[in-house]
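The values are calculated or read from the model by the stated rules, or taken from the named source; none is laboratory data. Please read these numbers as outputs of a predicted model, since none were measured by experiment. Positions of Cβ are generated from backbone atoms using ideal geometry, with glycine treated the same way; all protein chains shown enter the neighbour counts. All accessible areas refer to the heavy atoms of the entire protein, side chains included, with ligands and DNA or RNA removed. Shrake-Rupley method; radii C 1.70, N 1.55, O 1.52, S 1.80 Å.
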Amino acid sequence: MRWQFIPVLIMAATLTACSSLPKPKPIPTGSLEKFQEHAAKFNEVVTLPTFETTPDAVKVTVEKTIKDGNAALDRIGQLKPGEVNFVNTIRALDDMGYELGLAENRLSLIEQTSTNAEVRDAATDAIKKISDWSVGTDYREDVYAAVKAYVATQPQLVGEDKKLYDETLRDYRRAGLDLPKDQRDEVEKLRKELTALETDFENNVTKARQPMKFTKAELAGVPEDFLSQKGIKTGDDEYTLMANITFHYIMVEDNASREDTRKKMLAAQCNLARDVNIPLLQKIIVLRDDIAHRLGYASYADYATEVRMVKNSATAIDFENKLKDGLQPKYDAELEEMRQLKVKDTGDVNTKINVWDWRYYANQLKKTKYNVDAEQLRVYFPYERVLEGMFAIYQRIFGLKFERVEAPYKWVGDLQLYSVSDAKTGEPLGLFYLDMFPRDGKYNHFAQFGIIEGKLLPDGRYQRPVCSLVCNFPPPQPDKPSLMSHDEVETVFHEFGHAMHTILTRAKYSRFSGTSVPQDFVEAPSQMLENWAWDKKVLDSFAADYRDPKKKIPAEILAQLKTARLATEATRYRRQLSFGLMDLALHTQIHSTNADELLPLSNKILSDVSLPVVEDSAFIAYFGHIIGYGAGYYGYAWADAIAADMATVFENSPDGYFDRTAGMRMRNEIYSVGDSRDINVSIEKFLGRPRSIEPFLKRIGIGKSQ
Ligand SMILES: [Zn+2]
C-alpha cells in the first residue's frame, strides 16, 4: 500500500549496505529483574501492570480509580489563591490524567484480550463508568478556580511546560468553562447526551446482522475453500453469508462473477442498522453542531480540527478536494480499463462499472493482466522468521537491543514479553507484549495497545512505557508453521511502529508521550514503515521459502504486486476520499434546520467522489468511523502524504531502509519528542527541509514524474 520507487544506489554503497545487513536471529533471553534493577541506575522505573483477573477485581479498580481521581481533584480544588503553582495545578492535572489512563488502558486491554467472558464484560462496564465520570471532571468549578488563580499569577513558562499549560487551558475553553454558568451547564448536559447517543450508534453497528442466502450457481467464482467453511454451507444448495461480516462481504465483492450477487450483497451491507442509526445519527450530528456553535466555532469540523495538524475544516476539505481532482485522469483511465473487462464479460459495449463492480474487476485485472496471486507469497513468510527479521531491522535502525524476558503473569499461554534497551548505553527503555494469534472473544483486528505510558514521575524518576501488540495472525498448524500473507507482513511492520512510538518516548508529561500526538499525524510513522514490506532488500533479509530457505521471493512477483497495486490505486483512493469528504460535509453542512438532509447529502458525496451508491441505500448508517473519527477521516490521506514524504529520508540515505542515521533521526525527532513540541517542527527537523506533497503524489501514481 505504501510503496514508492527507490532511487538506484551506486554499486559501492549497495555492497557496503549488504555487508552490514542485520541478520534475523532468535532474540536472546534476559532477566526481567535485572532489567528493572538496571533502570534504577538511569533514575528510571520499569514496572509491569497488575492485571485484574476477576469481575470483582475489575469493580474494585473502577471504584478506586474514581475515588483517587476525585481525591486528586479535591486537592487541587482546595488550594487557596496564594498557594497555587505549576506543580500543584497544571502538572497535578497531568498526574491525575496519567493515573486515570493507567486504569483505562489496562481495562481496555482486558476487555479485548481476557480469556474470561465475564471479566471482559466487567471491563466493558468499567470503561463506561469511568468515561461517564471523566466527562464530569471537566466541570469541577473548584478545580477550574484554582487553575484560573494560577493563570492570574501570569506564569512565565517555556517549552513543554508552556505547551502543557496552553493546552490545559484550551481544554477548559473547549469544554465550555469560559462560558457563563447557565450556558456551561447546558454544554455539559449536551455533551453527556451526545456520549450516550454515540455509544448507542456504535452498539447498533456491532449488533447489526444480515444473513444472505445464495445458491452455488449464484456464488460462481467465490473460492471453494471459503464456501466449504463451517457454518457457510447451510443446505443442499444453500450457502448463508453474513452481510455484516467484512470478510464474507469482501469474498463476494472480490470474486463473485455474477453481477446480481455482488449487487445484492452490497445493497444488504448498505442497509445494515439503517432504521435505528439514521435517526440517531441525525441527532448526533445536530448535537455536535449545536455544541460547536455554543463554544464559538462555525462548525463541529472546525471544533474537531482545531487540535489537529490541519487546524481547520477548510484546509482539510481543500486538501481532499485537490487530491480528488488530481486523481481524476488516472481514475477515469482505471475505470475505463475495468469497464473493458466488463464489456468482454457482458457483451454490452455500453456497460458501466458500478459500485458493486469495482472490487471484482480490480481483482480480475490483478489476476489476468498482472498475473498476481498474493497467496503464493505466504510460503516466504513463516511467522517466526518475519518477526526475527523485523526485530533485526528495528533494532538496527533505531539503535536498540531486544531481549526476551519471562512474563510474571500471562493473560494467555502463548503470550511473550520483550525488553527494549538502548544498544549503545544499555539504558532500559520499555517492555512490549506480543499476543499474536486469534481465539474466541479476542479483539479481531490488529492493534497496538499502550498499557503504561512514559512520564516523568513527581519523584523525578522516569516511568518507562509498556505496551502490547494484539494481532490475529494465522496460527501454526500441525504440519506447517504460521505463514503470513504479504498484507500481514505489512501490518506487523505498521503495528510494531506504534510500539516503537510508545516505548521510545522521552516526553515529560503523559499528555504528550508516546502515540499521544495529533490524530491526523499518529498513523504517519507507521504508514511510512509499511514501505519496508515492499522493499526487496528488506524482504530478502528474512523472507525465504520455509520448505527451502535458499529460495527468496522472486523479484518479478514483487514487481508485479507493486504494479498491480498502482493499477487501481486511484479507484481505491477516491473511495477513501469519498469517506473523508462525506465526514467533513456532514460536520459542516448539517444543522438542526436540515437534519433530514443527512442521508441524501452523504449519498450524494459518495456518488460524486466515488461510484454512484445503490439506489435507496444508507451506507452512512453502518459507517462506525463517523463516530470515532468525527470529522477526522481525512486524516488517513493527510497522514499518508506525510508518511510518503518521511520515507524519502530513508530512501535518500546510503543504507536505504536499513539506514541507522535516518533511523536515529526518526527516533530523536519524532518518537522521543512525541507531542511535547509542535508536530510540524518535529516533522521538518526529521525531513531536514519543508514538507512536500510530491513523494505522495508519485506514490499514488499522479506525481510529476509519472
Ligand atoms: Zn495504525
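Converting phi to 3J(HN,Hα) with the Karplus coefficients 6.51, -1.76 and 1.60 and the offset θ = phi - 60°, the range 425-432 yields 9, x, 4, x, 10, x, 9, 9 Hz in sequence order, with x at every glycine or proline.
Each Lys and Arg Cβ is given +1 and each Asp and Glu Cβ -1; about its Cα centre, the chain then shows a dipole of about 1580 debye. Amide H contacts under 5 Å for VAL614: none, restricted to partners 5 or more places along the chain or on a different chain, H placed in the peptide plane at 1.01 Å from N. Mean residue ellipticity at 222 nm, helices only, the chain: -17000 deg cm²/dmol; runs of at least 4 DSSP H residues each add -39,500 (n - 2.57), and the sum is divided by the number of residues. Work out the P(r) tail for the range 491-566: percent of alpha carbon pairs separated by more than 22 Å, whole number. Tail of the P(r) past 22 Å holds 42 percent of the pairs.
Across the range 638-699, the relative contact order, built from alpha-carbon pairs under 8 Å that are at least six residues apart, equals 49 percent.
The per residue volume of the convex hull around the alpha-carbon atoms of the range 425-495 is 139 Å³. Annotation: per residue accessible area for the chain equals 42 Å², rounded to a whole number [probe 1.4 Å, protein chains only]. Highest-first packing order for the peptide set 483-495, 676-688 is 483-495, 676-688, based on the mean count of other beta carbon atoms within 10 Å.
Put +1 on the Cβ of each Lys and Arg and -1 on the Cβ of each Asp and Glu in the chain; which of GLY663, LEU377, PRO481 then has its Cα farthest toward the positive end of the dipole? Positive-most Cα among the choices belongs to GLY663. Listed by chain and number, the lysines placed with their C-alpha closer than 28 angstrom to that of LYS41 are LYS401, LYS410, LYS424, LYS455, LYS508; residues fewer than eight positions away on the same chain are left out. Computed from backbone phi, the HN-Hα couplings of the range 476-483 come to x, 9, x, 9, 8, x, 4, 10 Hz, rounded to whole numbers (Karplus: 6.51 cos²θ - 1.76 cosθ + 1.60, θ = phi - 60°; Gly and Pro given as x).
Listed by chain and number, the lysines whose C-alpha is less than 26 Å from the C-alpha of LYS283, apart from same-chain residues fewer than 8 away, are LYS128, LYS129, LYS181, LYS189, LYS192, LYS207, LYS311, LYS604. Among 288-295, 219-226, the peptide with the highest mean count of other Cβ atoms within 10 Å heads the list, and the full ranking is 288-295, 219-226. Under 5 Å from the amide H of VAL405 lie the amide H atoms of GLY30, LEU417, TYR418, SER419, each residue being 5 or more positions distant or on a separate chain, with H modelled from the backbone and absent for Pro and chain starts. About the Cα centre, and with charges only on the beta carbon of Lys, Arg (+1) and Asp, Glu (-1), how big is the dipole of the range 584-645? Nearest 20 debye, please. Dipole size: approximately 120 debye. In the chain, the convex hull through the Cα atoms has an average projected area of 32.2 nm², a quarter of its surface area. Amide H to amide H, with H built 1.01 Å from N, VAL45 comes under 5 Å of TYR462, GLN463, ARG464, counting only residues 5 or more places away or on other chains. Solvent-accessible area assigned to carbon and sulfur over the chain amounts to 53 percent, based on a 1.4 Å probe.
Look at the dipole of the chain built from charges on Cβ: of TRP411, VAL466, ALA123, the Cα furthest out on the positive end belongs to VAL466.
Normalised radius of gyration (Cα atoms, divided by 2.2 N^0.38 Å) for the range 238-376: 1.43.
Shown here are the Rg and Dmax of the Cα trace of the range 153-311, at 24.4, 80 Å. How big is D for the range 58-205, in µm² s⁻¹ as a whole number, if Stokes-Einstein is applied with the Kirkwood radius of its Cα pairs at 4 °C and 1.567 mPa s? The calculation lands on 77 µm²/s.
Listed by number, the DSSP H helices of the chain that run 20 Å or longer by alpha-carbon position along their axis and have mean Kyte hydropathy of at least 0.5 are 635-651. Considering only Cα atoms, the convex hull volume of the range 629-706 works out to 112 Å³ per residue.
The value for the range 140-206 of Rg(Cα) / (2.2 N^0.38 Å) is 1.48.
Peptide packing for 340-348, 363-371 was compared via the average number of neighbouring C-beta atoms within 10 Å per residue; ordered from the highest value, the list is 363-371, 340-348.
Counting only heavy atoms of the protein chains and using a 1.4 Å probe, LYS129 has close to 120 Å² of accessible surface.
Taking 0.36 nm per residue of separation and subtracting the current Cα-Cα distance, fully stretching the chain between LYS369 and GLU556 would add 65.9 nm. You can think of it this way: the chain between ASN680 and THR234 has 155.0 nm of extra reach, that is 0.36 nm per residue less the Cα-Cα gap.
About its Cα centre, the range 167-267 has a charge dipole of approximately 120 debye under the convention of +1 per Lys or Arg Cβ and -1 per Asp or Glu Cβ, with nothing else charged. Relative contact order of the chain: 19 percent, from C-alpha pairs under 8 Å at least 6 residues apart in sequence.
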